[in-house]
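Asks: Attaching a single structure in structure tokens format; questions to follow.
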């Protein structure tokens, strides 16, 4: 007996590619007799295995030919989508790492979020032609959308990550969600999130932008960011912090938390207080924080160092006639005078003077008393900018010589000292 497969299977769905129907291996009469004679299962399996392998191979080859060549016309949703395109939407500005519900989506520098249509073939913004006035829609995306700017993604990948409101909630993103480019450029209008991102596995969202057109243009995708409820904005950390900010505005210090209470009990209430203690007695400050782990300590101090200094300088008269040290607002020494008139930055001091300056500085750090505000204009003149005097490299430890600073003090030749 010969097992036959129906002819014409490869011609279904209008395929015009010939289907090479492989010849089936006949089940010979002696095989049937062997079965009837009671072959063992092992012997029967070794006899049938080549036959079954041949059938499977033929069916796989037929299915592959039918899939690539003989399929019926696909619907737009199932069509093979070309992912590569030279036209790309791009965010030119970076979004902050944290947003709040109800607040306008802005860039990390509090400016408008700018979007452009870019052509990678010409390496330019598409500033003319019909596409330069393209209509754009903004959507929320899941923060776990893994994207690589050097690789293209398909439209279906983008659409699969579009986020919608939770049941019973308002639309996740609201406001001016549709924008028309002008000369290939556009700024995001009043757009805001209505829900936080804590319910997502990644706990983040991304902002996406796609073209409302019939041609393939790669979508713009922002970096992931956290969205918190509006009531959390009053606890927001400041970047950069101000010297007058309350101490809990620093990272890792929660308002009314343990670190906040410890610092407050030591009269460290502001960022300025924190930096002054950091400069004058770092070890004591770390003890106040309860021996926090290195990562927490580094995060707090790094954030504190981002602040801008006040335009104030202070003089510490050291007792000896004419000798005084010059400090900025967080007690970093920036200069010295030995005659009461000419102030030298530390790197301009002769080496034999440095031990004396270091000794006087440590004496001041122990007492933190006797420092007087300094009238910069009256001493240095209007041509000296105070901001130039305040540049400093804040280093770890109390023994800071600021050897890298370059301060434009009125100077005197060292030979005259």
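We did not get these values from a lab; they are worked out from the coordinates using the rules stated. Only a predicted model underlies this, so the values are computations on that prediction, with no experimental measurement involved. FYI the Cβ positions are ideal-geometry reconstructions off the backbone, even for glycines, and counts take in every protein chain you see.
Asks: In nanometres, what is the gap between the two model label sites at residue 187 and residue 42, each 7 Å from Cα along Cα-to-Cβ?
Replies: Placing both labels 7 Å along Cα→Cβ, they lie 8.3 nm apart.
Asks: Something else: By its C-alpha gyration tensor, with a ≥ b ≥ c as the square roots of the eigenvalues, how is segment 237-304 shaped: rounded for a/c under 1.5, else prolate for a/b larger than b/c, else oblate? Walk me through the intermediate numbers first.
Replies: On the way: a/c = 1.21, a/b = 1.18, b/c = 1.02.
Rounded shape, in that the Cα axes give a/c under 1.5.
Asks: Once label points are set 7 Å from the Cα along Cα→Cβ at both residue 144 and residue 306, what is their separation, rounded to one decimal in nm?
Replies: Taking the simple label geometry, residue 144 and residue 306 are separated by 2.8 nm.
Asks: So, one more: With r as the distance between the Cβ atoms of residue 86 and residue 174 and R0 = 41 Å, compute the FRET efficiency 1/(1 + (r/R0)^6) and round to 0.05. Working shown, then result.
Replies: Values: r = 33 Å, r/R0 = 0.80.
Calculated transfer efficiency: 0.80.
Asks: Given a Förster distance of 56 angstrom, what is the FRET efficiency for residue 286 paired with residue 166, based on the Cβ-Cβ distance and rounded to 0.05? Could you put the intermediate results ahead of the total?
Replies: Details: r = 44 Å, r/R0 = 0.78.
After rounding, the FRET efficiency stands at 0.80.
Asks: Let me ask something else about it. Is segment 255-345 rounded, prolate or oblate when judged by the Cα gyration tensor, a ≥ b ≥ c being the square roots of its eigenvalues, rounded requiring a/c under 1.5 and prolate requiring a/b larger than b/c? Walk me through the intermediate numbers first.
Replies: On the way: a/c = 2.77, a/b = 2.45, b/c = 1.13.
Prolate is the answer for segment 255-345, as a/c is 1.5 or above and a/b outweighs b/c.
Asks: Obtain the nm distance between the two label points defined at residue 52 and residue 97 by a simple spin-label model: each point lies 7 Å from its Cα along the Cα-to-C-beta direction.
Replies: 5.8
Asks: While we're on this one: If each residue of separation counts as 0.36 nm, what is the full-extension length gain between residue 358 and residue 262 once their alpha-carbon separation is subtracted?
Replies: Details: separation 96, 0.36 × 96 = 34.56 nm, distance 3.06 nm.
In short, 31.5 nm is gained.
Asks: Separate question: In terms of the Cα gyration tensor, with a ≥ b ≥ c the square roots of its eigenvalues, is segment 87-231 rounded because a/c is under 1.5, prolate because a/b exceeds b/c, or oblate? Each step should come with its number before you reach the end.
Replies: Numbers: a/c = 1.84, a/b = 1.56, b/c = 1.18.
It is prolate, given that a/c is not under 1.5 and a/b is the larger ratio.
Asks: Most exposed first by the Cβ proxy, i.e. fewest other Cβ within 10 Å, how do 285, 51 rank? Write down the numbers at each step before the final one.
Replies: Numbers: 285 22, 51 15.
Starting with the residue having the fewest Cβ neighbours, the order is 51, 285.
Asks: Enumerate the residues in segment 240-260 having an amide nitrogen under 13 Å from the point lying 7 Å beyond the Cα of residue 269 toward its Cβ.
Replies: Inside the label zone: 244-248.
Asks: Now a separate question. Given the peptides 94-100, 218-224, 349-355, arrange them by the average over their residues of other C-beta atoms within 10 Å, most packed first.
Replies: Numbers: 94-100: 16.9, 218-224: 20.6, 349-355: 11.3.
Ranking the peptides 94-100, 218-224, 349-355 by packing returns 218-224, 94-100, 349-355.
Asks: With 10 angstrom as the radius, rank 293, 269 by how many other C-beta atoms surround their C-beta, starting from the fewest.
Replies: Listed from fewest to most nearby Cβ atoms, that is 293, 269.
Asks: Now for a different question. Apply 1/(1 + (r/R0)^6) to the Cβ-Cβ distance of residue 348 and residue 371, taking R0 = 25 Å, and write down the FRET efficiency to the nearest 0.05. Write down the numbers at each step before the final one.
Replies: Working: r = 22 Å, r/R0 = 0.88.
About 0.70, to the nearest 0.05.
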